[in-house]
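The values are calculated or read from the model by the stated rules, or taken from the named source; none is laboratory data. Keep in mind that this is a model prediction, so the values were computed, not measured. FYI the Cβ positions are ideal-geometry reconstructions off the backbone, even for glycines, and counts take in every protein chain you see.
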Amino acid sequence: MIEKEKKRQLIGLEMIPSENYVSSDVLKALGSILTNKYSEGFPKARYYGGNEVIDKLEIYAQNLANKLFGTKYAFVQPYSGSPANFAATMAVCDPGDVVMGLALSSGGHLTHGANLSFSSIFYKAVNYTVGKDWKINFEELEDLAKKHKPKLIWAGTTAYPFKLDYSKFRKIADEVGAWLVADISHISGLIVGGVHPSPVKYVDLITTTTHKTLRGPRGAMILVTDRGYKKDPEIKGKIEKAIIPGLQGGPHNHQTAAIAVALEEALKPSFKRYAKQVVKNAAVLAAELGSKSENHLILLSLESYGYGMGYQGQVALEAAGITINKNTIPGEPVSPFYPSGIRLGTPALTSRGMKEKEMVKIAGWIKEVLEEIRGLDLPKEQELRKEFIKSVKVKMKKNPKLKKIRQEIAKFASKYPVPGIDS
C-alpha cells in the first residue's frame with residue numbers, strides 16, 4: 001500500500017493547500033528509534049528516567065522555534081493542530097468562557113468555535129464572518145466582541161486566500177480585554193519566509209501545525225510572545241499543564257526530532273526562496289482560474305458550473321490526477337457536506353520545483369476537467385444526493401476526456417521529483 005501511495009504521489013498533482021512534502025532528513029528523524037522512548041513531562045522534569053538525550057532534543061527544538069519566529073517560549077509536544085488549539089484554549093479559558101473565531105463557512109477552522117468541536121461544546125462560541133468581498137468583516141467582529149466580551153479571540157483561517165491584518169485584531173482584543181491567539185497553521189512557512197506579515201508583535205499566543213507550508217512532520221507547536229508573557233507571567237506553566245496532564249501523555253519524540261529538522265531547514269536562505277515562489281505560483285494559478293490569492297491557496301466558487309458542484313469538482317479532478325478538496329464558499333447556498341466550491345493551493349507543487357509556467361499549464365487542465373461536470377447539478381432533494389454522487393464517481397472514472405488528461409498529467413508530473421521519494 002505504501003508503494004501504491006508512493007506512485008500516486010509521483011504521477012499526480014497534490015494541490016490540497018494543507019499538504020506538502022517533507023525532506024528525506026525529516027523522514028529519517030520521523031522513522032528513528034526515538035519512537036521507543038516514553039517522556040511524559042517536560043525537559044528536566046520527566047516522570048520517567050532515561051531522558052537525558054530527549055531533554056536535549058526537545059530544548060533544541062524549542063530554541064529553534066523561538067529563533068525562527070522571534071517568540072519567548074515554544075512548546076513542541078502537541079500531537080497535531082487541533083490538540084494544540086485545545087491546549088491553548090484550556091490555558092487561558094475556563095469552561096463556559098466565550099471564545100470567538102472565524103466561522104467555518106467563512107474559511108475558519110473547526111477548533112475556532114464550530115459546532116460539534118470542543119470549542120463550542122466546552123466554551124461559548126461566537127463566530128464572526130467575511131463580507132461580500134470574502135474578506136474578514138472587522139466591523140462585525142468588533143460589534144460581536146463588544147457584545148459578548150470574549151475571553152479569547154482567534155485570528156486564524158483554513159480557507160482564506162488573503163493576508164491577515166493582525167493590528168486590527170489587536171485593537172479589538174484590547175477593547176474587550178481578550179487574549180489574542182493567532183493560528184498560523186496554514187501560513188507559518190510564509191511568515192518565516194517573509195511573504196506574509198508576522199503576528200508576533202500583535203498577539204499573545206501562536207499555534208501552528210508543522211506539516212503545511214513549514215514542510216515538517218505532522219505535529220504542532222504553541223508559541224508565547226513577549227506580549228503574552230507580560231499579560232500573564234505564569235502562562236508557561238498553564239500551557240504545560242494544559243498539554244500534560246490536560247490533554248496528552250507521552251510526547252512523540254520522533255516527531256519532535258523531525259520538527260527540529262524542519263525548523264533547521266526553514267532557517268536556510270533557500271526556504272525564503274521557496275516561500276516566495278509558493279505565493280507567486282498561487283497568484284498566477286488564481287488569475288488563470290479567474291480568482292485571487294495573496295498567500296498559498298485559492299478558494300474557487302463553482303456556482304457558474306451549476307448547483308452544489310464542489311463534490312463533483314473534487315471527484316472529476318481526482319479522476320484526472322489532480323487532488324484538491326471540496327469546500328464551502330462564503331454565503332454557502334447548499335451545505336458543508338455538499339459545498340459549492342473547491343480549495344486548492346501551491347505548496348506541494350512548489351516543493352517539486354514547479355513555477356509560474358507550470359501553473360498556467362495546470363490551470364488549463366483544471367478548466368478542462370471542470371467543463372466535464374457542467375450540468376451535473378446536485379439534486380435539491382437530500383435523499384437523492386448520496387446515490388447521485390456515487391453515479392458521478394462512476395461516470396468520471398469512465399470519462400474518456402479525463403482518462404486522457406490523467407495520462408498527460410502522469411507524464412508531466414513524473415518529470416518533477418517528489419522530496420523524500422526516490423523516483
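Structure above, values below:
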{"item": "Flag for residue 206 being touching a Pro at 6+ places or on another chain (Cβ under 7 Å) and buried (at least 22 other Cβ atoms within 10 Å of the Cβ)", "result": "yes"}
{"item": "Residue list for segment 300-353, restricted to those being under 20 Å from residue 391 (Cβ atoms), surrounded by 24 or more Cβ atoms within 10 Å (Cβ to Cβ) and touching a Pro at 6+ places or on another chain (Cβ under 8 Å)", "result": "308, 310, 311, 340"}
{"item": "Selected residue [surrounded by 15 or more Cβ atoms within 10 Å (Cβ to Cβ) and in a loop (DSSP other than H, G, I, E, B)] from 95, 78", "result": "78"}
{"item": "Segment 235-254 residues that are among the basic types (Lys, Arg), paired with ones that are outside any helix (DSSP H, G or I) and at pLDDT below 95 (beta carbon under 9 Å, 6 or more apart)", "result": "none"}
{"item": "Residue 309, sole failed condition from (1) under 28 Å from residue 215 (Cα atoms); (2) in contact (Cβ under 8 Å) with a residue 12 or more places away in the chain", "result": "(1)"}
{"item": "Residues located in segment 133-158, provided they are outside any helix (DSSP H, G or I), surrounded by fewer than 16 Cβ atoms within 10 Å (Cβ to Cβ) and either touching a residue at least 24 places away in the same chain (Cβ under 8 Å) or not assigned by TED's automatic domain parsing to the domain that holds residue 196 (or both)", "result": "149"}
{"item": "Residue satisfying condition, being β-branched (Val, Ile, Thr), under 26 Å from residue 133 (Cα atoms), surrounded by fewer than 24 Cβ atoms within 10 Å (Cβ to Cβ) and in contact (Cβ under 8 Å) with a residue 24 or more places away in the chain, within set 200, 195, 176", "result": "195"}
{"item": "Residue within segment 276-292 that is over 25 Å from residue 329 (Cβ atoms) and not small (Gly, Ala, Ser) present", "result": "yes"}
{"item": "Residue count for segment 367-408, restricted to those that are within 12 Å of residue 312 (Cβ to Cβ) and at pLDDT below 95", "result": "1"}
{"item": "Residue match in segment 57-71 (condition: modelled with pLDDT of 95 or more, touching a Lys or Arg at 6+ places or on another chain (Cβ under 6 Å) and in the same structural domain as residue 137 (by TED's automatic domain parsing))", "result": "no"}
